[in-house]
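Contents: one structure, followed by commentary.
The values are calculated or read from the model by the stated rules, or taken from the named source; none is laboratory data. Just so we're clear, the structure is a prediction, and the values are computed from it rather than from any experiment. Reconstructed Cβ throughout: ideal geometry from the backbone, glycine too, with neighbour counts over all protein chains shown. Remember, those area values only see protein heavy atoms, side chains included, never the ligands or the DNA or RNA. Shrake-Rupley method; radii C 1.70, N 1.55, O 1.52, S 1.80 Å.
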Amino acid sequence: MEGQGLWSSEQHRWLGAMGLTVYAEASSIVWPPAGPARSAPRFDNVPESALRSSRPPLEPVPAPRPIASAALPAPPLPPAPDMPAPRRGRSRLAGVPDKLMLALLRASGQNPNEPATQALMASWPLDELRANPAAKRALWPQLRALRRQRGER
């Protein structure tokens, strides 16, 4: 197997058909013989006048003139409607409870259909709870007390 490569020609075809690349050592590749070295062409027999251009050098091209419509001022933009700023990419669907509201209800253990619970839910400052960790920490004892009142632990 010294004179042959690792794979036979049939195995090369099979491996190629499977989409695999077969690498070979450079020493095992039979390279075609190198041809005679070619020298760069010489232009000794061409007169210098033929190498120079008979045309005068080109002048720089002037910059294009602006289009007439580009000179007109842009029309003013319509005034922006008075809308509140969006809430950090969250979209609220009408009638769908907020994720924070659901988490607070779960932590309190209250029935969301009871009027007392609905009044309690309305009193929770959701925006402040999102922005202020101290407000969240202050709410936890209240939620634990509500769970104890319901008898759940």
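Structural remarks
- Residues located in the range 4-19, provided they are at pLDDT 75 or above and either surrounded by 10 or more Cβ atoms within 10 Å (Cβ to Cβ) or hydroxyl-bearing (Ser, Thr, Tyr) (or both): Trp7, Ser8, Ser9, Gln11, His12, Arg13, Trp14, Leu15, Gly16
- For the range 106-121, residues that are surrounded by 10 or more Cβ atoms within 10 Å (Cβ to Cβ) and part of a loop (DSSP other than H, G, I, E, B) total 5.
- When residues in the range 135-153 are screened for being open to solvent by 50 Å² or more (accessible area, probe 1.4 Å) and at negative phi, 13 of them pass.
- Top-ranked residue in the range 106-129 [being of a type in the set (Ser, Thr, Tyr) and in contact with a helix residue (DSSP H, G or I) (Cβ under 9 Å, 6 or more places away or on another chain); ranked as nearest to Gly151 (Cα to Cα)]: Ser108
- For the residues Pro33, Pro66, Pro41, the requirement of being over 30 Å from Asp127 (Cβ atoms) and either modelled with pLDDT of 70 or more or surrounded by 10 or more Cβ atoms within 10 Å (Cβ to Cβ) (or both) singles out Pro33.
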